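Written below as structure tokens is the structure these notes are about.
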Amino acid sequence: MTDLDRNVDLVLRSTRVVTPEGTRPATVAVAAGTIAAVLPYERPYEREYVSGLPPGARLEDVGDDVVLPGLVDTHVHVNDPGRAEWEGFWTATRAAASGGITTLIDMPLNSLPPTTTTAHLRTKREVAARKAHIDVGFWGGALPGNVRDLKSLHDAGVFGFKAFLSPSGVEEFPELDAAQLDRSLAEIAGFGGLLIVHAEDPHELAAAPHRTGAKYADFLASRPRDAENAAIEGLITAARRHHARVHVLHLSSADALPLIAAARRDGVRLTVETCPHFLTLTAEEVPDGATEFKCCPPIREAANKDALWRGLADGTIDCVVSDHSPSTTDLKTSDFATAWGGISSLQLGLPAIWTEARRRGHSLDDVARWMSTAPAALAGLHSKGAIEAGRDADFAVLAPDDSFTVDPAALQHRNRVTAYAGRTLYGVVRSTWLRGRRIVADGAIAEPSGRLLERTN
Ligand SMILES: [Zn+2]
């Protein structure tokens, strides 16, 4: 037995382990929460690990269930403290763990205070520390008035900075105009940081027709594709000028894909995410008054959804993340103009995406790349995002051919409003593992053992 073997405390075996080289039968050896080795399926198991398991090592054979790298969700609004009745760290991280997510990065707005100074970051960290069932990191916020706070937030470990180009929906988090975007981006590029942007152009939004009421078509008309397209065009220009790293949040308008692809070919440092609701739901199927489907930018037509899938398939879109943004049910009125905009899907993103992906001929390797590897790379989380030696032993064990019907009562979200209610989805999360510890087993959730993460790159 080698020294490596002696330290191994967990041996996880499956006929289908999703590795960077593809899905294959493998035995994953874990030592002190880190993947020590990804070994062949038969040989080490038969000859060494079973006949002579390292002292204290535990064998977990999950059969034909698929072992995925734990998902990394870089777009979650936890809202704690301040609006914890919308969602808190306890409920959000339990929901995430139940959905196979082992790392989330919290958005800087909708909590009070927002994460826009180092003092506010400390407050957030203190609240999260006691409640985190999975690993939690934080984005900072770039506001019109906090350019001088950005470097200290960066040094304090935020993973980057979120900015809006149009009103955010909460008054304590105002948007940047073009000049303010330029100043913030210059500052962030100066220390090698990352700006992540809600890209809808305020002038295009103001020019769009605004009707109140329960009709989804009226809401959709009020958030046109041109608002996204124009904002992304401006953002590309600014990123190019400062040679800055910029990330487009929750892309909905597929019209912007050629623009994004061209900018990337030109060397602009641009990455893009989209969300499960844009890839699985369509405007045509939203019932009148069903504001559980409201988000900004909005869910668009079926043809747009197909085009987003092509963007994922050809690599123009990097990540699929939840944009989990709940509120209390009373704010989800039947008027699309005034209801809170945000879709809850922390617990359902993996089965929602897998259901549609398998229908379109994609593999779980693709899903792992979109929902774990790419978001981990976006945030510079080098210990996350893949099943390979040296990374954290974070896993989601999935029964990909099992299905279930979404019952809001089974969700761990604080408010069980969901656009997915009643849908039949493929992919049941059997267990979730965080640094070698099983934190979810057939629906039962262990006590919190998540850590607070800081940017290390
Ligand atoms: Zn968001």
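Name the pairs whose Cβ atoms lie under 8 Å apart, with the first residue in region 114-134 and charged (D, E, K, R) and modelled with pLDDT of 95 or more, the second surrounded by 19 or more Cβ atoms within 10 Å (Cβ to Cβ) and part of a helix (DSSP H, G or I), and 6 or more positions between them or separate chains?
Hits for this filter: K131/F89; K131/W90; K131/T93.
Take region 390-409 and flag every residue that is without any contact (Cβ under 8 Å) to a residue 60 or more places away in the chain and surrounded by fewer than 17 Cβ atoms within 10 Å (Cβ to Cβ).
Here is the first cut: in region 390-409, the residues without any contact (Cβ under 8 Å) to a residue 60 or more places away in the chain are 401-409.
Within region 390-409, D401, D402, S403, F404, T405, D407, P408, A409 qualify.
Quick check, is I343 of a type in the set (A, V, I, L, M), crowded, with 22+ Cβ neighbours inside 10 Å and in contact with a Cys (Cβ under 6 Å, 6 or more places away or on another chain)?
On the way: of a type in the set (A, V, I, L, M): yes; crowded, with 22+ Cβ neighbours inside 10 Å: yes; in contact with a Cys (Cβ under 6 Å, 6 or more places away or on another chain): yes.
When the stated conditions are applied, I343 passes them.
Taking into account only those residues within region 310-330 that are more than 12 Å from the ligand (Cβ to nearest atom), of a type in the set (D, E, K, R) and in a loop (DSSP other than H, G, I, E, B), which is nearest to E85 (Cα to Cα)?
Kept after step one, since they are more than 12 Å from the ligand (Cβ to nearest atom), are these residues of region 310-330: 310-320, 327-330.
Next, from what is left, pick out any that are of a type in the set (D, E, K, R): 310, 314, 318, 330.
Add one more test, that the residue is in a loop (DSSP other than H, G, I, E, B), and what stays is 314, 318.
Values: D314: 40, D318: 32 Å.
Among residues in region 310-330 that are more than 12 Å from the ligand (Cβ to nearest atom), of a type in the set (D, E, K, R) and in a loop (DSSP other than H, G, I, E, B), the one nearest to E85 (Cα to Cα) is D318.
Any residue that is part of a loop (DSSP other than H, G, I, E, B), over 30 Å from H362 (Cα atoms) and of a type in the set (A, V, I, L, M, F, W, C) - is there at least one of those in region 441-457? Step through it out loud before you land on a result.
Within region 441-457, the first condition is being part of a loop (DSSP other than H, G, I, E, B), and the residues that meet it are 442-443, 446-451, 453-457.
Filter once more, keeping what is over 30 Å from H362 (Cα atoms): 446-451, 453-457.
Keeping just the survivors that are of a type in the set (A, V, I, L, M, F, W, C) gives 446, 453.
Within region 441-457, one or more residues are part of a loop (DSSP other than H, G, I, E, B), over 30 Å from H362 (Cα atoms) and of a type in the set (A, V, I, L, M, F, W, C).
Give me the residue from region 290-324 that is closer than 12 Å to A419 by Cα and not charged (D, E, K, R) and, out of that set, surrounded by the fewest Cβ atoms within 10 Å (Cβ to Cβ). Show your work before the answer.
Step one: filter region 290-324 for residues closer than 12 Å to A419 by Cα, giving 290-295, 299, 324.
In the following step, the residues that additionally are not charged (D, E, K, R) were identified as 290-291, 293, 295, 299, 324.
Details: A290: 17, T291: 24, F293: 25, C295: 22, I299: 27, H324: 29.
Per the criteria, the residue is A290.
From (1) surrounded by fewer than 23 Cβ atoms within 10 Å (Cβ to Cβ); (2) in contact (Cβ under 8 Å) with a residue 12 or more places away in the chain, pick out the condition that doesn't hold for A97.
(1)
Show the residue pairs meeting these rules: Cβ distance below 8 Å; 6+ apart or different chains; first residue within region 410-427 and over 15 Å from G342 (Cβ atoms) and among the charged types (D, E, K, R); second residue in a strand (DSSP E or B) and at pLDDT 95 or above.
If the second residue must be in a strand (DSSP E or B) and at pLDDT 95 or above, the pairs left are R423/T405.
Could you tell me which residue of region 276-286 is farthest from A339 (Cα to Cα), considering only residues that are in contact (Cβ under 8 Å) with a residue 40 or more places away in the chain and assigned to a loop (DSSP other than H, G, I, E, B)?
Kept after step one, since they are in contact (Cβ under 8 Å) with a residue 40 or more places away in the chain, are these residues of region 276-286: 276-277, 279-281, 283, 286.
Now narrow it down to the ones that are assigned to a loop (DSSP other than H, G, I, E, B): 281, 286.
Numbers: L281: 19, V286: 15 Å.
Residue satisfying both the conditions and the ranking: L281.
Are any of the residues in region 160-171 farther than 20 Å from A368 by Cα, surrounded by 19 or more Cβ atoms within 10 Å (Cβ to Cβ), of a type in the set (S, T, N, Q) and touching a helix residue (DSSP H, G or I) at 6+ places or on another chain (Cβ under 6 Å)?
First, pick out the residues of region 160-171 that are farther than 20 Å from A368 by Cα: 160-171.
Still in the list and also surrounded by 19 or more Cβ atoms within 10 Å (Cβ to Cβ): 160-166, 168.
Among the residues that remain, those that are also of a type in the set (S, T, N, Q) are: 166, 168.
Okay, now just the ones that are also touching a helix residue (DSSP H, G or I) at 6+ places or on another chain (Cβ under 6 Å), so 166.
Yes - at least one qualifying residue is present in region 160-171.
I387: of a type in the set (V, I, T), in contact with a Ser or Thr (Cβ under 8 Å, 6 or more places away or on another chain), in contact (Cβ under 8 Å) with a residue 60 or more places away in the chain and not assigned by TED's automatic domain parsing to the domain that holds A254, yes or no? Steps first, answer last, please.
On the way: of a type in the set (V, I, T): yes; in contact with a Ser or Thr (Cβ under 8 Å, 6 or more places away or on another chain): yes; in contact (Cβ under 8 Å) with a residue 60 or more places away in the chain: yes; not assigned by TED's automatic domain parsing to the domain that holds A254: yes.
In short, yes.
Taking A396, is it in a loop (DSSP other than H, G, I, E, B), under 19 Å from T373 (Cα atoms) and not assigned by TED's automatic domain parsing to the domain that holds E292?
Numbers: in a loop (DSSP other than H, G, I, E, B): no; under 19 Å from T373 (Cα atoms): yes; not assigned by TED's automatic domain parsing to the domain that holds E292: yes.
Considered against the rule, which asks whether it is in a loop (DSSP other than H, G, I, E, B), under 19 Å from T373 (Cα atoms) and not assigned by TED's automatic domain parsing to the domain that holds E292, A396 comes out as no.
Scan region 170-193 for residues that are hydrophobic (A, V, I, L, M, F, W, C), in a loop (DSSP other than H, G, I, E, B) and under 23 Å from the mean Cα position of the chain (by Cα) and jot them down. Break it down stepwise before answering.
Restricting attention to region 170-193, the residues satisfying the condition of being hydrophobic (A, V, I, L, M, F, W, C) are 170, 173, 176, 178-179, 181, 185-186, 188-189, 191.
The next check asks that each one be in a loop (DSSP other than H, G, I, E, B); those that pass are 170, 173, 176, 191.
Those that are hydrophobic (A, V, I, L, M, F, W, C), in a loop (DSSP other than H, G, I, E, B) and under 23 Å from the mean Cα position of the chain (by Cα): V170, F173.
Okay, residues lined up against (1) hydrophobic (A, V, I, L, M, F, W, C); (2) under 16 Å from the mean Cα position of the chain (by Cα):
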residue: C319; (1), (2): yes, yes
residue: L331; (1), (2): yes, no
residue: S344; (1), (2): no, yes
residue: Q347; (1), (2): no, yes
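The values are calculated or read from the model by the stated rules, or taken from the named source; none is laboratory data. Given the structure is predicted, the values throughout are model-derived calculations rather than measurements. Positions of Cβ are generated from backbone atoms using ideal geometry, with glycine treated the same way; all protein chains shown enter the neighbour counts.
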